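This report concerns only the one structure given below.
The values are calculated or read from the model by the stated rules, or taken from the named source; none is laboratory data. Every value quoted in this text rests on a predicted model; they were computed, and no experiment measured them. Every residue, glycine as well, gets a Cβ built from its backbone with ideal geometry; the counts of neighbours run over all protein chains shown.
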Amino acid sequence: MHESGRKATGDNTASTVESSKSPPAEIRGRLLWHGEELARRQDWLQQLDREQVHAISHALAMFAENTATNSEPDPDATHLLSPLNSLLQQTQTNLEHGSGATWIRGFPLTDCTTSQAASVFWSLVHRIGTPVSQTASGERLFDVRDAGFGKEDSRTRGPNTRKRLSFHTDRCDVIGFLCLQQAKAGGENHLVSSAALYNRISSERPDLLAELLRPYPYQRHNVDRGNATAYCYQPIFSFCDGFFATSFLRVLIDRADASGEVPSLTDLQREAIDYLEQTAEDRQLQYRFQLERGDMLFLNNWTTLHRRTEFIDWPEPERRRHLLRVWLSVPNSRPLDPRFAENFGDTRRGALRGGMRHRQA
């Protein structure tokens, strides 16, 4: 039995396991939670107070004619938003050393434009980490909405469809959202603790856990063109210097396997990822909730998996489901297994990493 907690400063417990030549049979610590237990965590649900809402409203007004996204935060906005500094710094800490998930409610969106909201959200997220590219062209603030692309359209990505997404992680330390509009129906969010999945599989099928600790082939996404090769290899579960990390996007594994350009998955490898997804379907491990207009959500991709359900949109364009998304590299991140270098870049603790590489002209 391994503790996933070496004491950090104050009450913060690092999400680690003791260094060992072999992976632990069980992970413990604040990164571990089961289903509805997340709702009882102090680091999960946060409500903006009156002073914080007032600060955002002032910043929104400042951006009435001057928008700023995909560049450095506006210094005037940074000053106006200072009442949120403590909350966002604590969020940064909790994401790495706590449950890995924080839901912040109360961003005032009444009488502001999408551009204004984007500018303020952009300023806020810099207090948690550094936004990294989400496209080959270098976009760091991404619109999550049904773009109406056809199934065979090369631009099609999961966040730009209304279909149900499977449990996955993204190519960054922390993913952040601001909900501008919610769907007419559906679009429910589901989270699971990666440590809970690890522990369950370790207990029930240690033979499959061994497969998940080995590298799987990933085909690069069709919009991810800035790489030397079209494939990379990385583990699903991993440990580095005692720190646990999970990275999983089934669709890219399946595409690599179907391509004929990399060695086919073994039957045991396929069974292992099937079992991982089957385990994640256990309702007792899931926390389900619905983001509403004005909600922000931040998730540690190394310690949680997330998905959303299929949704039905409003007929009016201005009412359709729309979220803003950032991928963040955070300065307090965990070290990674060196096998992630091909896909994430620098694997050292606190390094600037992740995101899509820019396509070379």
Yes/no for Tyr216 being of a type outside the set (D, E, K, R), at pLDDT 95 or above and part of a strand (DSSP E or B): yes
Any hit, the stretch 347-354, residues being crowded, with 21+ Cβ neighbours inside 10 Å, within 16 Å of the chain's Cα centre (by Cα) and either closer than 18 Å to His168 by Cα or modelled with pLDDT of 95 or more (or both): yes
Every residue from the stretch 304-316 that is of a type in the set (Asp, Glu) and crowded, with 17+ Cβ neighbours inside 10 Å: Asp313
Residues being hydrophobic (A, V, I, L, M, F, W, C) and surrounded by fewer than 19 Cβ atoms within 10 Å (Cβ to Cβ) - total across the stretch 161-199: 2
All positions within the stretch 317-333 that are surrounded by fewer than 17 Cβ atoms within 10 Å (Cβ to Cβ) and modelled with pLDDT under 95: Pro317, Glu318, Arg319
Selection within the stretch 93-141 - of a type in the set (Val, Ile, Thr) and either in contact with a strand residue (DSSP E or B) (Cβ under 9 Å, 6 or more places away or on another chain) or within 13 Å of Phe63 (Cβ to Cβ) (or both): Thr102, Ile104, Thr113, Thr114, Val120, Val125, Ile128, Thr130, Val132, Thr135
Boolean, Glu51 is in contact (Cβ under 8 Å) with a residue 60 or more places away in the chain and farther than 17 Å from Leu141 by Cβ: no
Filter result for Pro206 (surrounded by fewer than 22 Cβ atoms within 10 Å (Cβ to Cβ), in contact with a Cys (Cβ under 8 Å, 6 or more places away or on another chain) and not hydroxyl-bearing (Ser, Thr, Tyr)): no
Number of the exception - Gln269 against (1) within 28 Å of Ser22 (Cβ to Cβ); (2) within 24 Å of the chain's Cα centre (by Cα): (2)
Residue satisfying all of: in the stretch 167-213; within 12 Å of the chain's Cα centre (by Cα) and in a loop (DSSP other than H, G, I, E, B); nearest to Val330 (Cα to Cα) among these: Asp173
Subset tally (residues that are more than 12 Å from His126 (Cα to Cα) and hydrophobic (A, V, I, L, M, F, W, C)) for the stretch 85-99: 2
Residue match in the stretch 165-178 (condition: over 22 Å from Ser247 (Cβ atoms) and at pLDDT 95 or above): yes
